[in-house]
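Beneath this line is the structure, given in structure tokens, with notes to follow.
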Amino acid sequence: MPISPAFPTGTILGYPRIGRRRELKKAVEAFWSGAIDAVAVESVAAELRSATRERLVDLGLGRADSSIPESFSYYDQVLDTIVAVGAIPTRFASLVGADGTIDLAGYFTLARGEGENLPLEMTKWFDSNYHYLVPEIGPETVFSLAGDRIVREFLEAKAAGFLTRPVLVGPVTFLLLSKASDEAPAGFSPLSRLDDLLPVYAALVSRLADAGADWVQLDEPGLVSESIDVPRGDTLAAVASAYGVLGRLSGRPALFVAAPYGSLDDALPVLAGTTVEAIGLDLVRGTLPQAVPGLAAKTLVAGVIDGHNIWRGDLAGAFERAESVRALSDSVTVSTSTSLLHVPHDVLDETSLPVDLASWLAFADQKVGQVATLAFGLAAGRAAIAIPLADAAAALTARLAAPGVRNGSVRARSAALTDADFTRGAYADRLTAQNAALQLPSLPTTTIGSFPQTADIRRARAQFLKGNLPADDYRDLMRAEIGRVVALQEEIGLDVLVHGEPERNDMVQYFAENLDGFAVTENGWVQSYGSRCTRPSILWGDVSRPAPITVDWSVYTQSLTAKPVKGMLTGPVTILAWSFVRDDQPLGETARQVALALRDEIGDLEAAGIKIVQVDEPALRELLPLKEKDHADYLDWSVGSFRLATAGVAEATQIHTHLCYSEFGVVIEAIRNLDADVTSIEAARSRMEVVQQIEAGGFNHGIGAGIYDIHSPRVPSVDELTTLLDTALESIPERQVWVNPDCGLKTRGYEETVQSLHNMLAATRVVRDRRAADLRASLTR
Ligand code: GLN
Ligand code: ZN
């Protein structure tokens, strides 16, 4: 191995790729709809990459020192890897061309499915709100270097005068994130294919070297996570093997292994023992490791600027952390802790944030500037960056003392809470009181809250927001929509009705807009998956509720029907998970404040005659920390905040919750501890597996088995729904079972929704009638 080229003194692990004005999203969606062709999308993408390179140089990264990561993706970096290594599931074999490659349309088909062929599964990327596509690997998977987009992008940059650093998902993480293919035998572990995958990585890395890359970055966040079903020993052996093989390649580029989202722990000595030239440490989530043999010879890439949050933060503290890494190696680089994929582009694109709030923030571009500052400081000494450090410190001091950041009455209320505030009466008593109050049939039917959001609703909301629609007119339009949704639910025969959530743009932002302590951005988009972006609100201060939020809508809805209407709120954990949250106090304290605001809202709903309130916590699983040692604390505050929000109601008031988006295995105990009267859960795709798991743990509260999979436009047949309901009833007593769709209906169209709900009710009647007949038969026997 020749002497490796120096690693740049400052870098970032990755940069947002969707574009400052979501240009990539728009181009990709136009391609999907047939409005533009592949050449046009590719040229938008090339322009974006070019603009990104120029921008990063302006912000202080080097043009020709490998400091700019080549981290573009049309959809997802894991999908890119699937295509690069040729791991195409057999159901998509027809997408592969004669030369073994897949074109752009085929690439998107893997992500989006086609006809009978379901897309690759999607799941969340570590503890972020980004979702990746899950590779399907089996004994039959043939790995080959089938995609060279990363090489072409490197060459594109080179032609424009840049020496960039290609970024790949590392081979160990790639296999850890994979699931066994449909063809694989039971018990098959994708990681067992490592030896077959490595030659393809070797070939790709060599191609990059031939193209002129000095450095290649391999992202291995899989090494920091414990929540993966592979014994740790196997993971560590895989690291040794993978970086042994790649390290021994002749004529290779220097290798930088990044490990964002936490500390490497026992994987660090293993990596240090290989010949990789640089190792990335997440020093925001993780802490400074102990010295281990081999580490002093590496470049250590100190992830001290938080890539996962939007605060300008304590820059001097970050500088000190970077300097402390010098105890481990003479060669230290400043970096972000993770890719900047998780933050919006630029605070300067915000024109309506309060000026002081804006000065507390750092989006991607500001964070690149912070990296450049600290890198300069490491080289030239702290005095050389005294002014920016002082500016950041002044902003932080101002932030901590700013009005609204600490609100005395909110804090006093939170400090005075006692156990009783988190506890409802015995479930048996509640059940009796609720049955008397609600008079529901057996197997009660309901929905999760939202109904399809039509173009008319979106238009009315947008016009109202722009000030072009008077508040009264807006209210009348929404009420008319609610009236239609109520009539529809009565016609279908549902037992517990909802208002349909037409007034909500987003289940978190809606509450953020109505609570004190939050701010909303104009252009603060971040990629959630593929072309889908979200615009998280900023939770910057103590949270309180200036006025009731949902009460008028719910009361109006209840006035239209004799059936019970469910009030609909988003829970504290989900509000935190899908916002950018203040970093100056524990999440648990922030969650309590949100919970108290919701508690007041629930009290007002109850006082106004609403008998059922649902508090959605779809993100409960999502925020679960990656390391097991942190689980107990998280579950304590997350479950506690839900209980605090909901425990103030009378026994006769029924509390529902709704969970979705993830495997629940690890949080089943927590679901029980929420102590909701009814928990509806995403279960259709897993064919009721989670419902059985919950029941197996001795859960005796209501369970809403999601039998209609709303993530697909397919209309499930009555037979199919009956079978799913019967499956649920095999493991759960009828008394506990509720019937509902998997999740809210807002992303669906009306036609399929109405048909599906009709079928859901028909299936319920089939099962109810059969059960009643069985009961009569057993009585007359
Ligand atoms: N009540 C919300 C809705 O129906 C729940 C959405 C969710 O779980 N993500 O839209
Ligand atoms: Zn849901």
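Each reported figure results from applying straightforward, stated rules to the coordinates on display, with no laboratory input. A quick note: this is a predicted structure, and the numbers were derived from the prediction, not measured. Here the Cβ positions follow ideal geometry from the backbone for every residue, glycine too, while neighbour counts run over all protein chains shown.
Label 7 Å along Cα→Cβ of Ala98; the stretch 130-154 residues with amide nitrogen under 19 Å?
Correct set: 146-147.
Taking the Cα centre of the stretch 514-638 as the origin and placing charges on Cβ (Lys, Arg +1; Asp, Glu -1), which of Ile549, Leu635, Ser528 is farthest toward the positive end of the dipole?
Ser528
Sorting Cys533, Cys660, Cys743 on the 10 Å Cβ count, fewest up front, what's the list?
Values: Cys533 18, Cys660 22, Cys743 27.
The fewest-first ordering by Cβ neighbours comes to Cys533, Cys660, Cys743.
Going by alpha carbons, how many degrees (0 to 90, nearest 10) lie between the helix axis of 149-159 and the longest principal axis of the chain?
Orientation of helix 149-159: about 50 degrees from the principal axis.
Above 21 angstrom, tally the Cα pairs of the stretch 37-124 and express them as a % of all pairs, no decimals. Walk me through the numbers before you get to the answer.
Values: 1695 of 3828 pairs.
Cα-Cα pairs of the stretch 37-124 separated by over 21 Å account for 44 percent.
On full extension of the chain, what length is gained from Asp349 through Tyr750, given 0.36 nm per residue of separation minus the C-alpha to C-alpha distance? Could you put the intermediate results ahead of the total?
Values: separation 401, 0.36 × 401 = 144.36 nm, distance 3.65 nm.
Fully extending the segment from Asp349 to Tyr750 adds 140.7 nm.
Report the full-extension gain for the segment Ala696 to Asp330: residue separation times 0.36 nm, less the Cα-Cα distance, to one decimal in nm.
Contour length minus Cα-Cα distance gives 126.3 nm.
Please list the non-local residues whose amide H lies under 5 Å from the amide H of Trp311, H modeled 1.01 Å from N, same-chain partners needing a gap of 5 or more.
Ala362
Quick one: Debye curve from the C-alpha atoms of the chain, no solvent, what's log10 I(q)/I(0) at q = 0.05, 0.06, 0.07 Å⁻¹?
Reported log10 I(q)/I(0), two decimals: -0.27, -0.39, -0.53.
Apply 1/(1 + (r/R0)^6) to the Cβ-Cβ distance of Arg248 and Val718, taking R0 = 56 Å, and write down the FRET efficiency to the nearest 0.05. Working shown, then result.
On the way: r = 61 Å, r/R0 = 1.08.
Efficiency at R0 = 56 Å is approximately 0.40.
If one computes the Cα centroid of the stretch 680-712 and of the stretch 518-571, what distance in Å separates the two points?
25
Counting other C-beta atoms within 10 Å, which of His701, His345 has the fewest, and how do the rest follow? Could the numbers behind the result be given before it?
Numbers: His701 18, His345 24.
Placing the least packed residue first, the sequence is His701, His345.
Evaluate 2.2 N^0.38 Å with N set to the residue count of the stretch 538-656, then give the Cα radius of gyration divided by it.
1.12
To the nearest 0.05, what FRET efficiency results for Arg687 and Thr123 with a Förster distance of 22 Å applied to their C-beta separation?
0.80
Calculate how steeply helix 194-211 sits against the longest principal axis of the alpha-carbon atoms of the chain, using the helix alpha-carbon long axis, and give the answer as 0 to 90 degrees to the nearest 10.
That helix lies at roughly 50 degrees to the long axis.
Among the trypsin sites (Lys or Arg not before Pro) within the stretch 40-78, which fall in a DSSP loop and have no more than 16 other Cβ atoms within 10 Å of their own Cβ?
Sites meeting the loop and neighbour criteria: Arg63.
Take the alpha carbon atoms of the stretch 385-417, find their center, do the same for the stretch 24-79, and report the distance between the two centers in whole angstrom.
After rounding, the separation between the Cα centres reads 37 Å.
Sort the stretch 222-286 into rounded, prolate or oblate with this rule: let a ≥ b ≥ c be the square roots of the eigenvalues of the Cα gyration tensor; rounded if a/c is under 1.5, and if a/c is not under 1.5, prolate when a/b is larger than b/c, oblate otherwise.
oblate
Treat every Asp and Glu Cβ in the chain as -1 and every Lys and Arg Cβ as +1, leave all other atoms uncharged, and give the resulting dipole magnitude about the Cα centre to the nearest 20 debye.
Once rounded to the nearest 20, the dipole reads 620 debye.
Nearest-5 percent of antiparallel DSSP beta bridges in the chain?
15
Take the alpha carbon atoms of the stretch 336-370, find their center, do the same for the stretch 254-286, and report the distance between the two centers in whole angstrom.
27
Taking 0.36 nm per residue of sequence separation and subtracting the Cα-Cα distance, how much length would be gained by fully extending the chain between Lys466 and Arg91, in nm to one decimal?
Gain on extension, Lys466 to Arg91, equals 130.3 nm.
How many nm is it between the label spots at Ala487 and Ala379, if each spot is 7 Å from the Cα in line with the beta carbon?
Inter-label distance under the simple model: 7.1 nm.
Determine the alpha carbon to alpha carbon distance for each of Lys26/Lys566; Lys26/Lys627; Lys25/Lys466; Lys124/Lys629 and list only those over 26 Å.
Long pairs (Cα-Cα over 26 Å): Lys26/Lys566; Lys26/Lys627.
Binning at 5 angstrom from zero up to the longest distance, how are the C-alpha pair distances of the stretch 569-637 distributed in percent?
3, 15, 23, 24, 16, 9, 6, 3, 1
Looking at the square roots a ≥ b ≥ c of the eigenvalues of the Cα gyration tensor of the stretch 731-781, which shape do they give, rounded for a/c under 1.5, prolate if a/b is larger than b/c, or oblate?
oblate
With each pseudo-label sitting 7 Å past Cα toward Cβ, what's the Asp419-Ala455 distance in nm, one decimal?
Inter-label distance under the simple model: 5.9 nm.
Please order Leu191, Leu620 by the number of other Cβ within 10 Å, starting at the fewest.
Ranked by crowding around the Cβ, least crowded first: Leu191, Leu620.
Relative to the longest principal axis of the C-alpha atoms of the chain, give the angle of the C-alpha long axis of helix 23-32, reported between 0 and 90° and rounded to the nearest 10°.
70
Counting helices only, and only those DSSP H runs with n ≥ 4, report the 222 nm mean residue ellipticity of the chain as the sum of -39,500 (n - 2.57) divided by its residues, in deg cm²/dmol to the nearest 500.
The helix-only estimate for the chain comes to -13000 deg cm²/dmol at 222 nm.
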